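The values are calculated or read from the model by the stated rules, or taken from the named source; none is laboratory data. Every value quoted in this text rests on a predicted model; they were computed, and no experiment measured them. Every residue, glycine among them, receives a Cβ derived from its backbone with ideal geometry; neighbour counts consider all protein chains shown.
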Amino acid sequence: MRFKMDHIVLNVENMDEMAKFYWQILQLQPERLDEYRAGRAPFPSVRVNKDTIIDLFPKEAWARNGQRKTGPGNLNHFCLSMAKSEWDRLLEMLKVNSIPVESGPVKRYGAHGTGTSVYFRDPDGNQIEARYYAVEDAADHQLLGS
């Protein structure tokens, strides 16, 4: 069987902080943000690529059924891959916004072989791995969704 990552769900404590991080710092395209703010959608999402989104569940969405925040305790990390030029740009955005890199750059194995990664956290403490692969030809960019 072959699968594609469809979505990741993050339970969010502070939507304003998370919005700034994912939409402004990581510069992922928001989806359903206007609908969420108008009360017509239960949560907003950010698009990673054509196949994958990250859903941002506000506290009222996960707490109403007695659920607890599962955040950093249950999510080890998720990985976003990108072209080297975008990775360099991301490192600059992290620096400008005083978001510490916890680990890396370091070589790690992933979906497309060995790449170079850094690890950092969003405002709710979820660990994010950002990586690029050394081979940057057109076929690799297509696989990475860039």
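Answer with yes or no whether Glu60 is farther than 22 Å from Arg131 by Cβ, more than 14 Å from the chain's Cα centre (by Cα), of a type in the set (Asp, Glu) and modelled with pLDDT of 90 or more.
no
In this structure, is Ser45 among the polar types (S, T, N, Q), surrounded by 18 or more Cβ atoms within 10 Å (Cβ to Cβ), modelled with pLDDT under 95 and closer than 27 Å to Ala134 by Cβ? Please lay out each step first, then the result.
Numbers: among the polar types (S, T, N, Q): yes; surrounded by 18 or more Cβ atoms within 10 Å (Cβ to Cβ): yes; modelled with pLDDT under 95: yes; closer than 27 Å to Ala134 by Cβ: no.
No, not satisfied.
Hey, among the residues in the stretch 87-146 that are of a type in the set (Val, Ile, Thr), surrounded by fewer than 16 Cβ atoms within 10 Å (Cβ to Cβ) and closer than 26 Å to Lys4 by Cα, which one's modelled with the highest pLDDT? It comes out as Val106. Number of residues in the stretch 1-22 that are touching an Asp or Glu at 6+ places or on another chain (Cβ under 9 Å) and hydrophobic (A, V, I, L, M, F, W, C) equals 7.
Per the listing Gln29, Gln67, the residue uniquely loosely packed, with under 15 Cβ neighbours inside 10 Å, over 16 Å from Gln127 (Cα atoms) and modelled with pLDDT under 90 is Gln67.
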